[in-house]
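First the structure, in the form of structure tokens, and then the observations on it.
The values are calculated or read from the model by the stated rules, or taken from the named source; none is laboratory data. Computed from a predicted structure; not experimentally measured. Please note: Cβ atoms are built from the backbone with ideal geometry, for glycine as well, and neighbour counts cover all protein chains shown.
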Amino acid sequence: MKRIEDFTVIGHHWLNYENFLIELEAPEELPDIRAGNFAEVLLKNSPGTFLRRPFSIFEVDKEKNSLTFYIKVIGKGTRYLGKLRKGEKLNIIYPLGNAFSNPYHDKVLMVGGGSGIAPFVLLGRQLREKGIRMTFLFGGREKDNILMTERFEEFGKVFVTTEDGSVGEKGLVTQHSILAKRPLEYGMIYTCGPDPMMKAIAHIAKQHQIPCEVSLENTMACGIGACLCCIVETNTGNKCVCTDGPVFNVNDLTWQT
Ligand SMILES: Cc1cc2nc3c(=O)[nH]c(=O)nc-3n(C[C@H](O)[C@H](O)[C@H](O)COP(=O)(O)OP(=O)(O)OC[C@H]3O[C@@H](n4cnc5c(N)ncnc54)[C@H](O)[C@@H]3O)c2cc1C
Ligand code: FES
């Protein structure tokens, strides 16, 4: 059941010059939230940002009754969120969208790039409860783009690639040795990040017949299936990423991988 509520900022922490975590306290007891769900945030006092902005739910703290978002500054709206102070209010619609499914295998791989690592803390927590073994593979242009690896080490091994080789293996995530040499170790791949990265991962998954789910970050407006601006083409027709997704099985998408 969707809710529209005014949350209070209770934490704000810059991780580097363009990424931060923002923690929001809910006015009512939080509902169940599943990995993959997202929220639409209203930027009430930000000039020129009429539409809500979608963000994956990064962390849920039932004791503090709070949600945390991991945000990368890319435009007006995210810059506004970066300037918020403790005590300020934010109106959000949540929990939106579907969720990642449980794997039929005890060993999975999660591949993320940029803010695409955001849904994987909740997914890590969910799968750990089921005894699933997890490996994480994160990519970025350089060292500064690789953040919070320690957060994921509590769930499993973390591997990294950077395009300039400043940390981890040099190259793209798709070139990392765990994918190049032993992809069949994984019974399921989850991925979130830039479209070209997800398409390349989907291609590898299809080649090796490994089930693969992608969390799409299409540009959104309403977030509730009304404006049709977030459409993705699937084998069963056009679907709204905000209501039918954001998580899709790659075999359902008409992507040319
Ligand atoms: C389901 C979902 C979950 C998301 N989760 C996160 C998250 O956890 N953390 C995070 O940092 N971001 C996330 N995003 C992306 C985030 O919504 C956008 O970065 C944000 O809306 C940009 O707002 P802005 O006002 O700062 O930028 P704008 O001023 O609106 O845009 C700046 C530039 O970025 C482009 N742009 C805007 N939105 C997107 C997008 N979705 N994909 C690609 N390009 C875009 C615009 O075309 C423009 O060129 C998510 C998006 C979706 C759909
Ligand atoms: S954002 Fe409006 S239909 Fe998806």
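Is it the case that residue 102 is under 23 Å from residue 71 (Cβ atoms), modelled with pLDDT under 95, in contact with a helix residue (DSSP H, G or I) (Cβ under 8 Å, 6 or more places away or on another chain) and not assigned by TED's automatic domain parsing to the domain that holds residue 69? Let's see the steps before the verdict.
Details: under 23 Å from residue 71 (Cβ atoms): no; modelled with pLDDT under 95: yes; in contact with a helix residue (DSSP H, G or I) (Cβ under 8 Å, 6 or more places away or on another chain): yes; not assigned by TED's automatic domain parsing to the domain that holds residue 69: yes.
Criteria not met by residue 102.
For the stretch 234-255, how many residues are more than 28 Å from residue 92 (Cα to Cα), part of a strand (DSSP E or B) and either near ligand 2 (Cβ under 8 Å from one of its atoms) or charged (D, E, K, R) (or both)?
The total comes to 0.
I'm checking my understanding of the structure. Among residues of the stretch 44-74 that are of a type outside the set (Val, Ile, Thr) and within 16 Å of ligand 2 (Cβ to nearest atom), which one is surrounded by the fewest Cβ atoms within 10 Å (Cβ to Cβ)?
Only one residue tops the list, namely 50.
Exactly one condition in (1) surrounded by 19 or more Cβ atoms within 10 Å (Cβ to Cβ); (2) under 24 Å from residue 168 (Cα atoms) is false for residue 127; which is it?
Against the list (1) surrounded by 19 or more Cβ atoms within 10 Å (Cβ to Cβ); (2) under 24 Å from residue 168 (Cα atoms), residue 127 comes up short only on (2).
I'm trying to understand the selection: among the residues of the stretch 75-85, which are touching a residue at least 24 places away in the same chain (Cβ under 8 Å) and surrounded by 11 or more Cβ atoms within 10 Å (Cβ to Cβ)?
Residues satisfying the conditions are 76, 77, 78, 80, 81, 82, 84.
Between residues in the stretch 93-109 that are assigned to a loop (DSSP other than H, G, I, E, B) and residues that are at pLDDT 95 or above and acidic (Asp, Glu), which pairs lie under 8 Å by C-beta distance while being six or more apart or on different chains?
Here the result reads 98/244; 100/213; 101/213, each pair linking the stretch 93-109 to a residue that is at pLDDT 95 or above and acidic (Asp, Glu).
Hey, among the residues in the stretch 91-124 that are within 29 Å of residue 4 (Cα to Cα) and in contact with a Leu (Cβ under 6 Å, 6 or more places away or on another chain), which one's surrounded by the fewest Cβ atoms within 10 Å (Cβ to Cβ)?
This residue is 91.
Confirm whether residue 77 is within 16 Å of ligand 2 (Cβ to nearest atom), closer than 20 Å to residue 19 by Cα, in the same structural domain as residue 14 (by TED's automatic domain parsing) and not basic (Lys, Arg).
Answer is yes for this residue.
On the basis of being surrounded by fewer than 16 Cβ atoms within 10 Å (Cβ to Cβ), within 13 Å of ligand 1 (Cβ to nearest atom) and more than 24 Å from residue 124 (Cα to Cα), does residue 27 make the cut?
Considered against the rule, which asks whether it is surrounded by fewer than 16 Cβ atoms within 10 Å (Cβ to Cβ), within 13 Å of ligand 1 (Cβ to nearest atom) and more than 24 Å from residue 124 (Cα to Cα), residue 27 comes out as no.
What are the pairs with Cβ atoms under 6 angstrom where one residue, in the stretch 169-182, is crowded, with 16+ Cβ neighbours inside 10 Å and the other, located anywhere, is assigned to a loop (DSSP other than H, G, I, E, B)? Sequence gap at least six, or different chains.
169/176
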